[in-house]
Each structure stands twice: as C-alpha cells, then as structure tokens.
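The values are calculated or read from the model by the stated rules, or taken from the named source; none is laboratory data. Remember, predicted model here, so these are calculated numbers, not experimental data. As a convention, Cβ positions derive from the backbone with ideal geometry for all residues, glycine included, and neighbour counts pool all protein chains shown.
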Amino acid sequence: MRSNLVRRLAIAATAVGVAIAAIGVAHAPFARSLLMSMGGCPMAGARMTPVESESARRIALSAIPASVSAPARPALGFSLDVTTPVDVRAWADRERVDCKQSREGLIKCADVRPEALGLPAAEGRIDELSLEFNGQARLVNTTTYRSHLNPEAAATAAHAIVGPLVDQLGPAEKHAGDFAAAKLAASGAESISTVMYRFTDYVADVTAMNTPSGGPAILEHYMSARD
Amino acid sequence: MNKNRLIVGLGTAFGAALAAAACSSSSSPSNPATEPDSGGTSSSSSGGGSSSSSSGGGSSSSSGGVTDAGDAGSTLYSRLGGHAGIRGAVDAVVAQELMNTDIASYFFNQVATPVPAGHPTAEQIEECFTDFLGSAAGGPETYPTTVVTTDAGTVTASDAGGDAGTFLCRDMMVIHQPLKISGGTFDEFIMIAGGVLTSAMGTGPYTYTTADIGTVAGVLTGARSAIVDTNQADAALQPFPGPDAQ
C-alpha cells in the first residue's frame, strides 16, 4: 500500500520534472523555431491591447488634479475623441506618410513632415508619430518624438511647437526652462525645458532635453481626458 | 551639473525600479504584523519626523552610501519631502510615464485587470520605489524590502483603495533583462521623468538643492548599462517587444 503511494508520487514528480525540462528546452535558442511552429510561448502574449491602454490612461488621469476644461484641445491637426483609424489611414495615403498599425489600437508613422500635419516647417520632421485609439476606435492619445537634433534645430522646433500651444491654452500650469539652444546644448537635466498642461478633458506636454543616447530631443504629447 | 546628474540619476532609478518591479516580486495576502520592513514603518509622518535626526547630514545610508551635501539645518531626505514627498514625486512620474504609449507597454501587468498573480500592482511599485529612493536619501526606509499596503498606512488610501497585500521588491538590475529596453526607450523615459521632476523643483514639499541632486546621483547614476539591453542600446524607442524578442 505504502510502496504503491510512493511509486505514484515518484511518477508524478517525474512527470512534472519532464514537463519543466521540456519547457526549458523549448525555450533554448536551438529549439526556438520549433517553439514558434507550435504557436509560440503562451507567455509571449504579454502585450498591450486597447483594453490595457485604456486602463493605463485612466490610472494616469486619476492621479492628475484638474478643475477646468481646456479652451482648446490641439492634437497635431487631428481631433481627439473624433478621429478614427480610417481617417488616419486616409490622411497617410493622401500625404504619403509611412504609417503602420503597431498593434490593435495603435498606429505609428515614421519620418513625418510637419507640413503633412498642417504644421509649420519650423517644427522639423517628426521621427515618430504615435496615434492611439480607444475601444471605440476614437483617437485619445498622440505623441511625437524628435531626436538626434542639434541644439539650434531643437530650439527652433520647440519654440515653433510651444508658441502656438501657449497662444491657445495660455501659460502652462507647470513649466521649466526656456527651450533655448544654449539650454539644449547643456547635458542631462540642465538641458530640460518643459511645459505641462492639465485640464479636466485634456492633457498636453512638451519636453525638450539633451538625452543620453539621442542628443537633443523633443517629446510632444496630447491626450484626451474625456471619459 | 549636479542638478543634471540627479535628474538623470533619478530617472534611471525610476526606470530601473519601476520596470524591475513590473515583472518581478511576489504578492501575498497582507499581514502587516509580520512585515517589519514594510513601507508602513516609514509612512509620511515618520518620514518627515525622522529626517532631522537619524538620517542627518554627513551620514551615509546603509544601502547607498549617500553623503548628505545639503545645509546643516535639514537633511537630504527631508528636503525631498520625506517619505510622503518622495512618494508624491514617484506617483507623478508613474502617472506621466503611463500616459506614454511606448512606456506604458512595459507595465502591461500593472494595467491588466486583474493584475496577474505574482506581479505587483502599480501602487506596490510606487511604494517599492519610494522605499528605494528614501533609503538612498538617508531615510529610515530599507531596500530591497517588502512593502505592505493597508488602509492604515504605507500607501495612502487614495492610492491603495484597500488592501493590496504584500510585495517583495527584488533586485532591480536583474529584472530588466527580459524587458529588452532600448536606448531610445530609456531616453524617452528619462525625458518624461526629468520633465516631471524638474517642473516640481521648489514646489510643495520639495526644497532640495542642486547639491542634493548631485548627492543622490552618486548612488543612482551608472545604472543605464544595467537597464538597457546591450543588443538594443542603439535602437530607437520602442514598445515592449515581447518576451520572445531577440
């Protein structure tokens, strides 16, 4: 009776051991193609979907105090809570912009001319434009990133971006630095200039910095806070 | 220069701790009585109150070897606002990072509902990193540590919204490897964190100086090589490429 139990436990332990070993071997470099042919690692599904993105946006917004609505909600010529992926694809085709769906609910466009967005040339080319949509396929989050600029070009672009923003939204609630070339020529945090706006229905941020890897860079962010 | 170092350092640490916590550690039912090293022992009240004595200027913390370069009337920890002040800065940075499409993708576990078993919540990550920075700044916090979330302390009620269990914060450098963070992503993270921290200087409880920033930076800088994947060091910003990415 007891030996029978021991034998069963031994079999179970062996089975578990073999399973663990098989999983480990399947993830070894030489077996990666076999793993992929079987559908890949089930843990590989750890990616964002519109559901998780919306969750991230809500978590972030919940931490932001705001009491007044925005006088305007500029978003690179797109309309927050209105523009759809179909609209973006049509725009990309029309303006011959290289855009791809990075994942469901996220379109990324590379090397975008500012004129393609109806923006002044002084803003400079955008390395990457990200457009994120909610579960209703409406635009809720836009980001641009420009890097590897020289301080003068970064300053020109930053002023071209921030000036109209201030005109539309007024002075930023939080800000630091002046986006000047001399500031952007400094290193690390000494180079940081930023404006941050928080409204009940809108978030806008522009930050410029001489980054560790990419040199002077500009990050623009416009997001809907309407839910 | 010192300010520069601090922001980069803080950003680095933020990235390290947050991303590390995002895919590490373990959760278990809360039992504050058995977690003496929890954040509950370094709540906002204790943080501010202890800052003028035990973690005073010129001392070195047990974890980071920080030498306080501030004035004699206060400590680095207190100029950072104590535990509550640091936690406020961490919360602000996390909120700003989560607004970014690429950065948020590294926190897929924290924004999932429910948060998968074995992974910390956003609140636990925030508290974990608060303890990390508090420890580095000479406060009473320890790191690595186990943070506890209760209605009574550690994480404020508005943050926690209830009992979120305990969370063991593990080594932040090791945990970054599977995240395959690119140099571009690191830059973007630094920009976001730096913008938040720079704009917060001189506001609220924050009275830290440029010299303070350099002090903290001495502990925190140099982590970039441990955070950024060597194969992705020159890569542009990118969302989490997934665990099967090469």
How many residues are under 12 Å from the mean Cα position of the chain (by Cα), within 11 Å of another protein chain (Cβ to nearest Cβ) and modelled with pLDDT under 85 if we restrict to the stretch B:118-144? 2
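Mind telling me which of the residues A:ALA10, A:ALA26 ends up being farther than 25 Å from B:LEU179 by Cβ, more than 25 Å from the chain's Cα centre (by Cα) and modelled with pLDDT under 90?
Within the list A:ALA10, A:ALA26, the selection yields A:ALA10.
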Can you pull out the residues in the stretch B:93-109 that are in contact (Cβ under 8 Å) with a residue 12 or more places away in the chain and over 18 Å from B:GLY183 (Cα atoms)? B:VAL93, B:VAL94, B:GLN96, B:LEU98, B:PHE108, B:ASN109
So which residues in the stretch A:90-105 are surrounded by 15 or more Cβ atoms within 10 Å (Cβ to Cβ) and among the aliphatic types (A, V, I, L, M)? A:ALA92, A:VAL97
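Among helices (runs of 4 or more DSSP H) lying entirely in the stretch B:182-239, which contain 1 or more residues that are modelled with pLDDT under 70 and within 11 Å of chain A (Cβ to nearest Cβ)? It would help to see each step written out before you state the result.
On the way: elements: B:183-200, B:210-220, B:224-227.
So the answer is B:210-220, B:224-227.
Out of all the residues in the stretch B:104-117, which are facing chain A (nearest Cβ under 9 Å) and outside any loop (DSSP other than H, G, I, E, B)?
Kept after step one, since they are facing chain A (nearest Cβ under 9 Å), are these residues of the stretch B:104-117: B:104-105, B:107-113, B:116.
Answer for the stretch B:104-117, where residues must be facing chain A (nearest Cβ under 9 Å) and outside any loop (DSSP other than H, G, I, E, B): B:ALA104, B:SER105, B:PHE107.
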Which condition does A:ASN141 not pass, out of (1) farther than 15 Å from A:THR207 by Cα; (2) at pLDDT below 95; (3) facing chain B (nearest Cβ under 9 Å), if it passes all the others? (2)
Restrict the check to the stretch A:133-140 and report whether at least one residue is exposed (fewer than 14 other Cβ atoms within 10 Å of the Cβ) and of a type in the set (Lys, Arg). no
Among the residues of the stretch A:106-132 satisfying the criterion of being part of a helix (DSSP H, G or I) and either within 11 Å of another protein chain (Cβ to nearest Cβ) or touching a residue at least 12 places away in the same chain (Cβ under 8 Å) (or both), which is surrounded by the most Cβ atoms within 10 Å (Cβ to Cβ)? A:GLU123
Show me the strands (runs of 3 or more DSSP E) found entirely inside the stretch A:154-224 where at least 2 residues are farther than 16 Å from B:LEU197 by Cβ and within 12 Å of chain B (Cβ to nearest Cβ). A:188-198, A:202-211, A:215-224
